[in-house]
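Below: the structure, in structure tokens.
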Amino acid sequence: MTDNDMSENNVSSTPETPIIPPMVFIWVAIIGLFVTLGAVVINGSLDVVGIGALAVSILAIVMWGVLNPEHMKNLLSGRAISFGGTAVLVTLVAIVASVLIYIVIREQNIRVDFSDSNAYTLTDSVREAVQIISADPNTPPMRIIGFYSSAQADQQEQIEVLLQEFIDAGGGKLSYELYDPDREPGLAATYDATPGSLFVIPLNADGSDNVEEAKAVSVADQLYIVDSMITASALGDFRLYWLVVDEGVGIDNAEGNGGSIITTLLQENLNWTVEPLTIAQLTNPESGPELGAAEDGEVLIIPGGISPLPDDAIAALQDYVDQGGDIILLAGTNLEGDDSLATAPNMTDFLQRNYGVSVNNDLVIDPQATYNLVELDVFSFSDTLLTNSF
């Protein structure tokens, strides 16, 4: 056997001693944690120095584990008690580091929504709606308030996460506050609030709550919250005049082809004033509402009709348009073959002159049509509860 063979067989199995003793990294981690704690105590929150010191501490613990793989393995497996004081020291460092990591997450407002439906994260459509509402210079600042009792601590924590999403998207125009109705009975009585209820309140110019315009949120869900925001932000003088015409869509008709659906929406959800307008009132302004007097918005609806308007009514409509008025025409037909309101020559001239359009008195009837071929197209929006199952 040669000397080389003997040297190859006698390779030492003793691990090499690290150039830097592993305990040095433990002390570096401890010092970093003390610096982090000092930054929190002095500044009241983690600043750049505190976050940097915490990062150094975590890196030092990792380096200690790299240089002591067996110790780290036993520490993680629960058998570290055999290593005595070193294990206790490393455990304490790990606990303190975990606490400081939690502080960083809390201070930086880092959140992850683990709910199946992402109920506590705004969908893109809701976030866009909040941003549009907040960007409107005519929209007043708003405050969302909620009432949660001490027995609803879990619900309160969940709704706070969602409300913070609204605040972040609101660009400074939104704020929120949660109250215990048992500790604030007077405030709860002001809004007739029950435990678990939410309200969206527009603010007055002096920053006080506009209690009269507060809108209740029927369900603590982001779609209902943004709907209440839209309603609460619709402040001002908005009016809709519904022209009463022969066999037109009725303003109070609650059937499927009636007008009460749109008028109820405007009145109850958007605070519009809705009034019927007769032909006599249109042609004789002194006998009816003053058209064009709304401060913030106004529209006149012509809801179909089978008979042409008189020429003086067309002239009154022209005056209304010339003064900046807006008109919505629901074009209807006359099944008797005569001109309807929308297809009459005087209305055709009016539409062409002001809008460059006209309505033909054409009705296509297919005698072979079968109703089972008619389909309703439903668009699927994954972030909207009403259609995400289609």
Diffing region 246-253: the Karplus 3J(HN,Hα) column from phi (6.51, -1.76, 1.60, θ = phi - 60°), in whole Hz with x for Gly and Pro, holds 5, 6, x, 5, x, 5, 9, 6
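Local charge sum around Ser150 (other residues, Cβ-Cβ under 14 Å, Lys/Arg +1, Asp/Glu -1)?
Details: positive: Arg183; negative: Asp154, Glu157, Asp180, Asp182, Glu184.
Net local charge, Ser150 excluded: -4.
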Cut-off under 5 Å, modelled amide H: who pairs with Gly288 long-range:
none
Amide hydrogen neighbours beyond the local backbone of Ser340, cut-off 5 Å, H modeled:
Asn334
Return the long-range amide H neighbours of Tyr176 (sequence gap of 5 or more, or a different chain), with a cut-off of under 5 Å between placed amide H atoms.
Ile144
Kirkwood hydrodynamic radius of region 238-373, Cα pairs, Å:
16.0
Summed residue charge, Cβ within 13 Å of Ser228's Cβ, Lys/Arg positive, Asp/Glu negative:
-2
Per q in 0.10, 0.12, 0.20, 0.24 1/Å, what log10 I(q)/I(0) does a Debye calculation on the alpha-carbon atoms of region 124-233 return?
-0.26, -0.37, -1.04, -1.43
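None of the figures in this text is laboratory data; all of them are computed from the coordinates on show. Worth saying up front: this structure is predicted, and the values here are computed from it rather than measured. Cβ sites come from the backbone with ideal geometry, for glycine too, and all protein chains shown count toward neighbours.
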